1. Counting only other residues whose beta carbon sits under 15 Å from that of M152, what net charge do I get with K and R as +1, D and E as -1?
2. HN-Hα J couplings of the range 105-118 from phi, Karplus 6.51/-1.76/1.60, θ = phi - 60°, integer Hz, Gly and Pro as x?
3. Quick one: 3J(HN,Hα) in Hz for the range 35-40, Karplus 6.51/-1.76/1.60 with θ = phi - 60°, rounded, Gly and Pro as x.
4. Over its Cα atoms, what ratio of radius of gyration to 2.2 N^0.38 Å does the range 112-174 give?
5. If you take every residue apart from G84 with its C-beta less than 15 Å away from the C-beta of G84, what net charge results, scoring Lys and Arg +1 and Asp and Glu -1?
6. Compute the length gained on full extension between M31 and A6: take 0.36 nm times their separation in residues and subtract their Cα-Cα distance, giving the result in nm to one decimal.
7. Enter the accessible area per residue of the range 69-178 (Å², integer; probe 1.4 Å; all protein chains in place).
8. Stretch A48-T136 to full length: gain in nm at 0.36 nm per residue minus the Cα-Cα span?
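The values are calculated or read from the model by the stated rules, or taken from the named source; none is laboratory data. Fair warning: this is a prediction, and the values are worked out from it, not measured in the lab. As a convention, Cβ positions derive from the backbone with ideal geometry for all residues, glycine included, and neighbour counts pool all protein chains shown. Areas reflect the complete protein model, heavy atoms only, side chains present, ligands, DNA and RNA absent. Shrake-Rupley method; radii C 1.70, N 1.55, O 1.52, S 1.80 Å.
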Amino acid sequence: MHLEVAGDLSTASFLSALRRFIGYRGIPSEMHSDNAKNFSGARNELKALYDMLNKPLSYSVISKELSQQGIKWQFIPPRAPNFGGLWEAAVRSVKTALKKVVGLHKLSYEDFTTLLVQITVTLNSRPLSPLSDDPTEFEALTPAHFLIGSVMKALPESNLTNIPTNRLDHYKQTQHMF
């Protein structure tokens, strides 16, 4: 799972988030999404670019390379999140965590982005199955193994659960939410 903060629900904002995603993870071969206008608008813009680069007149090395990087976009049926299966369940997990943790607090862009990345690491670190049949081996297969080839690492956290929130500085309040 990869989460990106988008400033709004516009096509331009989604395309910016997609560029950040590609910068971190590379170009995906497929994308699945619901039928929101920002996604369908982005798909249309990317398809127009793809079609332009695939015209017979576009023979430059750059256009050939870019045209080979086409993204196949698949939409689920309108108003049918159950077709999203596992990724819709992951979205629900993120929304539930954010509602419980953030509540009515107002977060800056930086704090919200940091919190989303920490939630992403947590969800990508959940065990899927044991890596070994040996009962003394405790390492499990996680979604991170499919993304980066190993478990994800994070900075150790201080235990802030017993400290009243009003006694924490801004950074520690955000970590307390996490």
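1. Details: positive: R25, R126, K153; negative: E139, E157.
My count for the surroundings of M152 gives +1.
2. Once rounded to whole Hz, the list reads 5, 9, 10, 6, 4, 5, 5, 5, 4, 4, 4, 5, 5, 5.
3. 9, 4, 4, 5, 6, 5
4. Values: Rg = 15.6 Å, N = 63, 2.2 N^0.38 = 10.6 Å.
Ratio of Rg to 2.2 N^0.38 Å for the range 112-174: 1.47.
5. Result for the neighbourhood of G84: 0.
6. Working: separation 25, 0.36 × 25 = 9.00 nm, distance 1.70 nm.
Length gained, M31 through A6: 7.3 nm.
7. Numbers: 8130 Å² over 110 residues.
Result: 74 Å² of accessible area for each residue.
8. On the way: separation 88, 0.36 × 88 = 31.68 nm, distance 5.45 nm.
Using 0.36 nm per residue and subtracting the Cα-Cα distance, I get 26.2 nm.
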